[in-house]
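A.B. asks: I have a structure here, written as structure tokens, and I will follow up with some questions on it.
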Amino acid sequence: MRGTATLQRQRSRVWAVANQKGGVGKTTTVSTLAGELVGRGRRVLMVDLDPHGSLTAWFGRDPDAQGPSVYGLFQVARAGERPDGRRQLIATDIEGLDLMPASTAQATLDRQVAGIEGMGLVLGQALAPLQATHDVILLDCPPMLGVLMVNALAACDRLIIPVQTEFLAIKGLERMLRTLAMIRRSRGEVVDHLIVPTLYDQRTRASRDTLAMLRERWPEALWDDRIPVDTRFRDASRRGLPLSLWQPQSRGAQAYARLADALLETAAGAEADERRAAV
Ligand SMILES: Nc1ncnc2c1ncn2[C@@H]1O[C@H](COP(=O)(O)OP(=O)(O)OP(=O)(O)O)[C@@H](O)[C@H]1O
Ligand SMILES: [Mg+2]
């Protein structure tokens, strides 16, 4: 076991939360998982890639205001300098939880950076100096494929795909998996991904049938549990807190605690494999 300590990963885990379909629980997943992880003593950074800035607003910031933001990273990169994530984040009111806010100006990025080389790697470069200071970095993606999602998929070591358990969800998931295959080709490596059923309501046929279909078609990538419908998520966002910190005993928060267990467990397994391979 010689050298195990030095071989231990210094890098933070970068988890992108994405689905090209809107309203499936991406932002809720980022906020609630972040709260859960901070509650366990992890240092967490949330990155709001969505120009709508729902995550930014959840934590009481205005995406129309000037200040540090994801957009700032791209301005620096376009000026030919190296983007540094440390300059674009703010501390939230919660100890151990930082946020890189969104700016509504991010909506114009696709037009601005079209054709400029290297713009898909801006986020990955900006996160590099944060590897030492944060245990987990969660990326909240916009619901459309563009430069921001491409940056997230290039920078992450794992993709979490929330899928609402209703019929139209399957099309969105198929589209997301096609995008992932494209990214896999350009990265030259497989991006680990986990499909997370959300907004599950046991009483509705749509929820039960969609879950059965997910199990049948993607048994390998599917999380073996689900996030239930819980109206308290909305109340938590109104209060500016992750549900996992505001009401940790609620059904919704408990489900995200189980998701955190699953994510940390597989990450620990991967690290053990990495260490074994390195010894
Ligand atoms: N498990 C849940 N139970 C009940 N409501 C939920 C749940 N998850 C999310 N919601 C609600 O559904 C709405 C959409 O959720 P959220 O904003 O997290 O989705 P999103 O995928 O980030 O949406 P967008 O694509 O617009 O960014 C919000 O009002 C949120 O409070
Ligand atoms: Mg969102």
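A.B. asks: Quick check on the range 1-142: take the gyration tensor over C-alpha atoms, sort the square-rooted eigenvalues as a ≥ b ≥ c, and tell me if it's rounded (a/c under 1.5), prolate or oblate.
C.D. replies: Details: a/c = 1.77, a/b = 1.25, b/c = 1.42.
The shape class here is oblate.
A.B. asks: Right, next: Could you derive backbone 3J(HN,Hα) for the range 173-179 from the dihedral phi with the Karplus parameters 6.51, -1.76 and 1.60 (θ = phi - 60°), listing whole Hz in sequence and x where the residue is Gly or Pro?
C.D. replies: 5, 4, 5, 4, 5, 5, 4
A.B. asks: If you average the alpha carbon positions of the range 161-180 and of the range 234-279, how far apart do those two centres end up, in angstrom?
C.D. replies: 22 Å
A.B. asks: Run the numbers for Arg258 and Arg178: contour at 0.36 nm per residue of separation, minus the present Cα-Cα distance, in nm. Walk me through the numbers before you get to the answer.
C.D. replies: Working: separation 80, 0.36 × 80 = 28.80 nm, distance 2.78 nm.
Residue separation times 0.36 nm, minus the Cα-Cα distance, leaves 26.0 nm.
A.B. asks: Let me ask something else about it. Using a probe radius of 1.4 Å on heavy atoms only, what accessible surface per residue do you get for the chain? Whole Å² is fine.
C.D. replies: Working: 13330 Å² over 279 residues.
That works out to 48 Å² per residue.
A.B. asks: Additional query: Just the number: Rg to Rh for the range 205-279, Cα atoms, Kirkwood Rh, two decimals.
C.D. replies: Details: Rg = 16.4 Å, Rh = 14.8 Å.
Looking at the range 205-279, the ratio lands at 1.12.
A.B. asks: Excluding ligands and nucleic acids, what accessible area in Å² is computed for Phe167 using a 1.4 Å probe, to the nearest 10?
C.D. replies: Rounded to the nearest 10, that gives 120 Å².
A.B. asks: Once you wrap a convex hull around the alpha carbon atoms of the range 97-248, what is its projected area averaged over all directions, in nm²? Before the final figure, lay out the partial values.
C.D. replies: On the way: hull surface 43.9 nm².
Quarter of the Cα hull surface area: 11.0 nm².
A.B. asks: Through the Karplus equation 6.51 cos²θ - 1.76 cosθ + 1.60, θ set to phi - 60°, convert the phi angles of the range 49-54 into ³J(HN,Hα) values in whole Hz; use x for Gly and Pro.
C.D. replies: 8, 7, x, 5, x, 4
A.B. asks: Here's another thing I want to ask about it. Would you grab the residues whose amide H sits under 5 Å from the one on His193? Only those 5+ places off in sequence or on another chain, please, with H modelled 1.01 Å from N.
C.D. replies: Leu159
A.B. asks: Between Leu121 and Phe167, what is the spin-label point distance in nm, taking each point 7 Å from the Cα along the Cα→C-beta axis?
C.D. replies: Distance between the two pseudo-spin positions: 4.5 nm.
A.B. asks: Ok, one more. Taking a virtual spin label 7 Å from the Cα of Met213 along the C-beta vector, which residues in the range 145-174 bring their backbone nitrogen under 20 Å of it?
C.D. replies: 161-174
A.B. asks: I've got another one for you. Let me check the size of the chain from its C-alpha atoms; what are the radius of gyration and Dmax in Å?
C.D. replies: That works out to 18.2, 55 Å for Rg and Dmax.
A.B. asks: How large is ³J(HN,Hα) for each residue in the range 14-25, as worked out from phi by the Karplus curve 6.51 cos²θ - 1.76 cosθ + 1.60 (θ = phi - 60°), to whole Hz, x for Gly and Pro?
C.D. replies: 10, 10, 8, 10, 9, 6, 5, 8, x, x, 9, x
A.B. asks: Considering amide H positions built from the backbone, and no H for Pro or chain starts, which residues 5 or more places from Val163, or on another chain, come under 5 Å of its amide H?
C.D. replies: Those qualifying (amide H under 5 Å, at least 5 residues apart or on another chain) are Val196, Thr198.
A.B. asks: To continue, here is another question. Please state the shape class of the range 16-72: rounded when a/c is under 1.5, otherwise prolate if a/b exceeds b/c and oblate if not, all from the C-alpha gyration tensor. List each step's numbers first, then the result.
C.D. replies: Working: a/c = 1.97, a/b = 1.20, b/c = 1.65.
Verdict is oblate for the range 16-72.
A.B. asks: Here's a follow-up. Using Cα pairs closer than 8 Å and at least 6 residues apart in sequence, work out the relative contact order for the chain, in percent.
C.D. replies: Details: 508 pairs, mean separation 73.2, N = 279.
Relative contact order comes out at 26 percent.
The values are calculated or read from the model by the stated rules, or taken from the named source; none is laboratory data. What you are looking at is a predicted structure, and each value in this text was computed from that prediction instead of being measured. In this analysis, Cβ positions are derived from the backbone assuming ideal geometry, glycine residues included, and neighbour counts consider all displayed protein chains. For accessibility, only protein heavy atoms count, side chains too; no ligands or nucleic acids. Shrake-Rupley method; radii C 1.70, N 1.55, O 1.52, S 1.80 Å.
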